[in-house]
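**Q** If you scroll down you'll find the structure; I have some questions about it.
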Amino acid sequence: MNILIKKAQIVDPSNKEYHLKKHDILIKDGIIAEIGTNIQAGENIEILERDNLHVSTGWFDSSVSFGEPGYEERETIKHGLFVAAKSGYTDIVLNPNTNPIPDSSSDIVFLKNAAKESATSLYPLGALTVGAEGEALAELYDMKNAGAVGFYDYKHPLKNANLLKIALQYNQNFNGLVHSFPLDKQISGKGIVSEGEMSTKLGLKGIPHLAEELFIARDLYILEYTGGKLHIPTISTAKGVKLIAEAKKKGLDVSCSVAIHNLYFTDASLEGFDSHFKLMPPLRTKEDSKALIAGLKDGTIDYVTTDHRPMDIELKRVEFDNAEDGTLGLESAFGVLNQLFDLETLISLLTKGRERYGIPTPKLQVGETATLTLFNPEPEFTFDTENILSASKNSCFIGSTLKGKVYGSIAKKQLIY
């Protein structure tokens, strides 16, 4: 792959030499050969030019679901990775949200082999417990050796506190990263939306903030006792941000993430009973959203994730109470975040965090492998089904006015554009 990117503004806050400067970038055989002005194209060099072209190192998402194996009608691995690449993501962490649940080394090998030819790299999570049933630890060490970058019972809270304790202790032997979804099912009961004024107004059963915060506090106490590495995915409350900030001040090895939809929408979006807004964790209040955005800016929250979750149409086009949770997020991510953060902060959020999972961090420098995202931060548009590349169409962002266009990405000697 030989490409000459012309007159691109480089956005790379970690690289003072090129940051916010306009340069040509010559890529030969997948390697950045030259960065400069007025680079001349030689033979067999594809020239790439676009209006207001911006370039950053490739983007990273810590929480993506597809369907394969078991739910290929929702999304296959190959097509899902194509969607990720077109959306600017060159590395994704795949949730264990399939049938069967990946809880053995052979499952991890299957997932990695299915992604080999794709431009976007896939890093699988293995289930923390057998079948994600919360009863017994899965084959963690074997899955780690097979390529799992962490362990997570996706969206299934671990009600057995002692099992979490044992998992954190055991994973210290091989530097494993334990995920724990924060939801106390005894507190949440049959709730389906956030408890508050809107749930009362709509007559929907609510999930109190307490259900999330109790488990965050519990998990942090256990982490303080055991040591180890803990990741708390997709937090949604202001108090949750405070609890994690306090834990980090103590020196605990904890990270956390927030889903983009919990930044952009609030429970006010539920008024039309649109099942696209049925999510887990649920949409919260404006005060929670503000606290989550502030947590990203000050570093308390480590990752912003799409929490991309394709779903069959028949699981969404039903009464709100009976609909499944989940939304697409890859295609709309940049257009949403570009309205919430300045460009430098946004690119920092989209490119940081790989080291937590042991994933190599790409560099925009001569001699490095080209792992780049191409975009234009300016155009505004209304996000509609025609903007959805995924096999499923369950996006809560349909009808939203977004800002910015992703042209595509370059990774593993491939241009997805």
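The values are calculated or read from the model by the stated rules, or taken from the named source; none is laboratory data. As the structure is a prediction and not an experimental result, all values here were calculated from the model. Every residue, glycine among them, receives a Cβ derived from its backbone with ideal geometry; neighbour counts consider all protein chains shown. Please note that ligands, DNA and RNA were not included when accessible areas were found on the heavy atoms of the full protein model with its side chains. Shrake-Rupley method; radii C 1.70, N 1.55, O 1.52, S 1.80 Å.
**Q** List the number of the failed condition for Leu140; all other conditions in (1) within 19 Å of the chain's Cα centre (by Cα); (2) open to solvent by less than 10 Å² (accessible area, probe 1.4 Å) hold.
**A** (1)
**Q** Count, please, the residues in the range 51-67 that happen to be assigned to a loop (DSSP other than H, G, I, E, B), more than 18 Å from Tyr152 (Cβ to Cβ) and modelled with pLDDT of 95 or more.
**A** Count: 3.
**Q** Given the options Leu350, Leu343, name the one that is farther than 30 Å from Pro69 by Cα and not hydroxyl-bearing (Ser, Thr, Tyr).
**A** Leu343
The rows are residues; the columns are (1) open to solvent by 30 Å² or more (accessible area, probe 1.4 Å); (2) hydroxyl-bearing (Ser, Thr, Tyr); (3) free of Cβ contacts under 8 Å to residues at least 12 places away in the same chain.
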position	(1), (2), (3)
Val11	no, no, no
Asn15	no, no, no
Lys22	yes, no, no
Leu26	no, no, no
Asp29	yes, no, no
Thr37	yes, yes, no
Leu48	no, no, no
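**Q** A further question follows. Could you go through the range 164-183 and let me know if any residue there is among the charged types (D, E, K, R), free of Cβ contacts under 8 Å to residues at least 40 places away in the same chain and farther than 30 Å from Gly404 by Cβ.
**A** no
**Q** Also, quick follow-up: Of all residues being touching a His at 6+ places or on another chain (Cβ under 8 Å) and of a type in the set (Gly, Ala, Ser) in the range 241-266, which is nearest to Thr306 (Cα to Cα)? Just the residue, please.
**A** Among those that are touching a His at 6+ places or on another chain (Cβ under 8 Å) and of a type in the set (Gly, Ala, Ser), it is Ser257.
**Q** For Thr129, only one of the following conditions fails: (1) open to solvent by less than 10 Å² (accessible area, probe 1.4 Å); (2) more than 25 Å from Glu213 (Cβ to Cβ). What is its number?
**A** Condition (2) is where Thr129 drops out.
**Q** Does the range 345-386 hold any residues that are in a helix (DSSP H, G or I) and within 18 Å of the chain's Cα centre (by Cα), and which are they?
**A** Those that are in a helix (DSSP H, G or I) and within 18 Å of the chain's Cα centre (by Cα): Thr345, Leu346, Ile347, Ser348, Leu349, Leu350, Thr351, Arg354, Glu355, Arg356, Tyr357.
**Q** For the range 378-404, give me each residue that is touching a helix residue (DSSP H, G or I) at 6+ places or on another chain (Cβ under 8 Å), within 30 Å of Glu46 (Cα to Cα), open to solvent by 10 Å² or more (accessible area, probe 1.4 Å) and of a type outside the set (Phe, Trp, Tyr).
**A** Those that are touching a helix residue (DSSP H, G or I) at 6+ places or on another chain (Cβ under 8 Å), within 30 Å of Glu46 (Cα to Cα), open to solvent by 10 Å² or more (accessible area, probe 1.4 Å) and of a type outside the set (Phe, Trp, Tyr): Leu389, Lys403.
**Q** A further question follows. Could you identify the single residue in Lys112, Lys116 that is closer than 25 Å to Phe60 by Cβ, open to solvent by 40 Å² or more (accessible area, probe 1.4 Å), without any contact (Cβ under 8 Å) to a residue 24 or more places away in the chain and charged (D, E, K, R)?
**A** Lys116
**Q** Would you point out which residue out of Thr369, Thr345, Thr327 is out of contact with any Lys or Arg (no Cβ under 6 Å at 6 or more places or on another chain), open to solvent by less than 10 Å² (accessible area, probe 1.4 Å), of a type in the set (S, T, N, Q) and touching a residue at least 24 places away in the same chain (Cβ under 8 Å)?
**A** Exactly one of Thr369, Thr345, Thr327 is out of contact with any Lys or Arg (no Cβ under 6 Å at 6 or more places or on another chain), open to solvent by less than 10 Å² (accessible area, probe 1.4 Å), of a type in the set (S, T, N, Q) and touching a residue at least 24 places away in the same chain (Cβ under 8 Å), namely Thr327.
**Q** Please count how many residues of the range 58-73 are among the β-branched types (Val, Ile, Thr) and within 17 Å of Gly404 (Cα to Cα).
**A** 0
**Q** Continuing with this model, one more query. For the range 73-96, does any single residue satisfy the condition of being surrounded by fewer than 16 Cβ atoms within 10 Å (Cβ to Cβ) and in a loop (DSSP other than H, G, I, E, B)?
**A** Taking every residue of the range 73-96 in turn, at least one turns out to be surrounded by fewer than 16 Cβ atoms within 10 Å (Cβ to Cβ) and in a loop (DSSP other than H, G, I, E, B).
**Q** Can you tell me which of Thr226, Thr234 is under 30 Å from Gly335 (Cβ atoms) and among the polar types (S, T, N, Q)?
**A** That would be Thr234, the only listed residue that is under 30 Å from Gly335 (Cβ atoms) and among the polar types (S, T, N, Q).
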